Amino acid sequence: MRLPAAILLVLALAAPAALAEYADVVINRRSEASEMRPVVFPHWFHRIRFHCKVCHDELGFEMRAGANDVRMNDIIEGRFCGMCHNGRVAWGAERCDLCHSGKKGLKSGIYGGHQTTGPGRW
C-alpha cells in the first residue's frame, strides 16, 4: 500500500525534533581560568552509542546542560566521565587535548545540531 505524498509530509512534519540530542556541549566553567582550552563534549557521539540512562542514571549526570559540577579530580578518581575515560574503556585523563579541544574564548553552551528548548538552555 502506498501512502500519498501529502500524508507522508504531514507525518514527517509531526515527528519530534532532536532537541540537542546530537549537538556538542562546550564546557568552559573553569577551563580557561586554569589555562586550559574549553572542553568540547560530543553529546552526539555518545548519544548514538549509548542510551540516555547510561550517563544520566548510571554515571550521575543531571539531565540539564550546565547543571553538573565535574572537576578533573572527579574524572581521575573514576567518577562521571572517568567511569569510561580511564585508559581501559576509553582514553584516560592524561590525554588532555582530546577533551580540552575548544578554541580559547569559546563560551559554555550547546553548539551545532539542535538547540534545546527545555530546561537545559543556558
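Every number here is computed from the coordinates shown, using simple stated rules; none is lab data. Since this is a predicted model, take the numbers as computed values, not measurements. In this analysis, Cβ positions are derived from the backbone assuming ideal geometry, glycine residues included, and neighbour counts consider all displayed protein chains.
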Over the range 18-111, what number does the Rg to Rh ratio reach, with both radii from the alpha-carbon atoms and Rh per Kirkwood?
0.93
J(HN,Hα) series, the range 35-47, from Karplus relation 6.51 cos²θ - 1.76 cosθ + 1.60, nearest Hz, glycine and proline x
6, 10, 6, x, 7, 10, 9, x, 4, 4, 5, 6, 5
Pair residue 33, residue 91: separation of 7 Å Cα→Cβ label points (nm)
2.6 nm
